[in-house]
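The block underneath contains the structure these notes are about, expressed in C-alpha cells.
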Amino acid sequence: MTQRRLSPLDKLLARADNALRTLTPGTIQAERTPAHASPAPDAQDAGSLPSDKRRHVLGLMRINHTGEVCAQALYQGQASTASLPHIRHAMEESAREEEDHLAWCEERIQELGGVPSKLNPLFYAMSYAVGATAGLIGDRWSLGFVTETENQVVKHLESHLYQIPESDLRTRAILEQMKTDELKHAVTAKDAGGADLPPPVRHAMTLMSKVMTFTTYRI
C-alpha cells in the first residue's frame with residue numbers, strides 16, 4: 001500500500017501538535033511497557049526528604065524537565081529543515097525516545113509537590129528556532145549540534161547526581177537512565193557524521209544553558 005505523502009500543512013500541524021503535547025502537563029506518556037515506564041519502578045525514597053532537600057531536588061528536576069522540553073523542540077526544529085530523509089527520521093526518532101525522559105521528569109516533579117517551569121514555552125520556541133537553523137546550515141552541523149547538546153546534558157546530569165541525596169533512590173534512578181540514553185544519542189549523532197562545532201558556538205550553547213538552569217530552578 002502506498003504511503004500518503006504529507007503536505008506542508010500536514011507537517012505544520014504535526015509540529016504544532018508536538019509543541020502542544022510537550023508544553024501541556026499530563027499529555028506525554030512514556031512509550032515503554034508499564035513494567036519499565038520508570039527506570040526503576042521499585043525504587044522508593046529511603047525516608048522523607050527534609051523540606052530544604054526536597055525544594056532543591058524539585059528545582060533540579062524542573063531544570064531537567066525544561067531540558068527535555070528544549071530537546072523536543074531542538075529535534076523537531078532540526079527535523080523540519082534536515083535535507084536528507086534518514087537524518088530527518090533520526091531526529092524524529094530521537095525526539096520520541098526523549099519523550100520518556102519528559103514523562104519521568106514531570107511525574108517526579110509532581111511527586112515532589114511542584115509544577116514545571118513557567119518559562120517552558122519561551123525555551124521551546126528558542127530551541128526550535130536554533131534547531132531549525134542548525135538544520136538549514138547542513139546535516140553534518142545539525143548532527144554536530146546534537147552531539148554537543150547531549151554532551152552538555154550529560155555534564156548537567158552528572159552534576160545533579162552529585163547533589164541528589166543518596167536516600168532519594170527514585171530521582172537518582174531517573175537521572176541515571178537519562179544519562180545512559182543521552183550518551184547513546186551523542187555517540188549515535190557523532191558516528192552518523194556530526195561535525196565538531198567551533199569553540200564560539202560551544203561557548204554560546206554553554207551560556208544559554210546557564211541562563212536556562214538559573215531561571216527554571218526558580219520559576
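Taking the stated definitions as given, is ARG108 assigned to a helix (DSSP H, G or I), of a type outside the set (Phe, Trp, Tyr) and open to solvent by 80 Å² or more (accessible area, probe 1.4 Å)? Here the answer is no, as ARG108 does not meet what is asked. Being among the small types (Gly, Ala, Ser), part of a helix (DSSP H, G or I) and at pLDDT 85 or above is a property that ALA134 lacks. Only one entry of VAL187, VAL153 meets the criterion of being β-branched (Val, Ile, Thr) and more than 17 Å from GLN78 (Cβ to Cβ), and that entry is VAL187. Please go through the stretch 202-219 and give me each residue that is open to solvent by 60 Å² or more (accessible area, probe 1.4 Å), assigned to a helix (DSSP H, G or I), touching a helix residue (DSSP H, G or I) at 6+ places or on another chain (Cβ under 9 Å) and not aromatic (Phe, Trp, Tyr), ordered by number. Matches in the stretch 202-219: ARG202, MET208, ARG218.
Of everything in the stretch 113-127 that's crowded, with 17+ Cβ neighbours inside 10 Å and in contact with a Leu (Cβ under 7 Å, 6 or more places away or on another chain), which residue is farthest from ALA71 (Cα to Cα)? The selected residue is GLY114. In the stretch 148-164, the residue that is farthest from GLY59 (Cα to Cα) out of those that are open to solvent by less than 50 Å² (accessible area, probe 1.4 Å) and over 13 Å from the mean Cα position of the chain (by Cα) is GLU148. In the condition set (1) free of Cβ contacts under 8 Å to residues at least 24 places away in the same chain; (2) open to solvent by less than 70 Å² (accessible area, probe 1.4 Å); (3) closer than 21 Å to ALA73 by Cα, PRO199 is compliant with all but (3). If you go through the stretch 165-184 and keep only what is open to solvent by 20 Å² or more (accessible area, probe 1.4 Å) and polar (S, T, N, Q), you end up with SER167, GLN177, THR180. Restricting attention to the stretch 147-186, which residues are among the hydrophobic types (A, V, I, L, M, F, W, C), assigned to a helix (DSSP H, G or I) and in contact (Cβ under 8 Å) with a residue 24 or more places away in the chain? If the condition is that a residue be among the hydrophobic types (A, V, I, L, M, F, W, C), assigned to a helix (DSSP H, G or I) and in contact (Cβ under 8 Å) with a residue 24 or more places away in the chain, then VAL153, VAL154, LEU157, LEU169, ALA173, ILE174, LEU175, MET178, LEU183, ALA186 are the ones that fit. Could you please give the count of residues in the stretch 202-219 that are over 18 Å from THR147 (Cβ atoms) and either in contact with a Lys or Arg (Cβ under 8 Å, 6 or more places away or on another chain) or without any contact (Cβ under 8 Å) to a residue 40 or more places away in the chain (or both)? Qualifying residue count for the region: 7. Among the residues making up the stretch 93-122, a single one is more than 22 Å from GLU182 (Cα to Cα) and among the acidic types (Asp, Glu): GLU111.
The values are calculated or read from the model by the stated rules, or taken from the named source; none is laboratory data. None of these values were measured; they are calculated from a predicted model. Positions of Cβ are backbone-derived with ideal geometry, glycine not excepted, and every protein chain shown enters the neighbour counts. Accessible surface areas use protein heavy atoms only, side chains included; no ligands, DNA or RNA. Shrake-Rupley method; radii C 1.70, N 1.55, O 1.52, S 1.80 Å.
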